[in-house]
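Participant: One structure coming up, written as structure tokens, with questions to follow.
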Amino acid sequence: MDISMTSSSSYKRADRVGDLIRMEISDILLRDVRDPRVRNITITGVKMSSDLRMARIFFVPLGGETCSEDIAEGLKSASKFLRRELAKKVQLRYVPEIIFAYDGSFEYGDRIDRLLESIQTEEASDDQEDS
């Protein structure tokens, strides 16, 4: 059995289309969107519905800031433009509806890192006190 056939067949079409949309939306945001509210965001992933008619696009603001109302409003106002530009770049029967969602996993991961660091610092100071 060929390994390449196995891996490509297990990689769902919705995932492939999601990856394509992630790349294209990132490019459109970088090159074509002039709204300063959405200039400093990174697209972290796209989750497609099984019928490919809805795309939930996950994003994080650059610089470690949390998602503000301005960013959410900017993405909402740019979504029709993004969808129109996406239609020009991808060959799909239906261009999916776009829903933006803040990706809190980076913030969560950062919080975990800080907690682990504080535990390590506490343990190091306790070891020094015991000596």
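Participant: Using a simple charge model, +1 on the beta-carbon of Lys and Arg, -1 on the beta-carbon of Asp and Glu, nothing else, what dipole does the range 43-102 show about its Cα centre, in debye to the nearest 20?
Facilitator: 480 debye
Participant: Calculate one ³J(HN,Hα) per residue across the range 105-121 by plugging θ = phi - 60° into the Karplus curve 6.51 cos²θ - 1.76 cosθ + 1.60, and present them in order as whole Hz with x for glycine and proline.
Facilitator: Karplus-based 3J(HN,Hα) across the range 105-121 equals 5, 5, 5, 5, x, 5, 5, 4, 4, 5, 5, 5, 5, 5, 5, 5, 5 Hz.
Participant: If you don't mind, there's one more thing I want to ask. Which stretch or stretches of the range 83-126 have amide N atoms under 17 Å from the point lying 7 Å from Arg34's Cα along the Cα→Cβ direction?
Facilitator: Backbone N within reach: 85.
Participant: Related question: Return Thr44, Thr121 ranked ascending by Cβ neighbour count within 10 Å, so the fewest neighbours appear first.
Facilitator: Ascending number of Cβ neighbours within 10 Å: Thr121, Thr44.
Participant: Still on this structure: Report the semi-axes of the equivalent ellipsoid for the chain in whole Å, largest first, where each axis is √(5λ) for an eigenvalue λ of the Cα gyration tensor.
Facilitator: They are 37, 23, 11 Å, listed from largest to smallest.
Participant: Let me ask another. About the Cα centre of the range 3-103, what is the dipole size in debye to 20, counting +1 per Lys and Arg Cβ and -1 per Asp and Glu Cβ, all else neutral?
Facilitator: That gives the range 3-103 a dipole magnitude of about 480 debye.
Every read-out reported here was derived from the displayed coordinates using simple, explicitly stated rules and does not represent laboratory data. Because the structure is predicted, anything quoted here is derived from the model rather than measured. We place every Cβ from the backbone using ideal geometry, glycine too, and count neighbours over all the protein chains shown.
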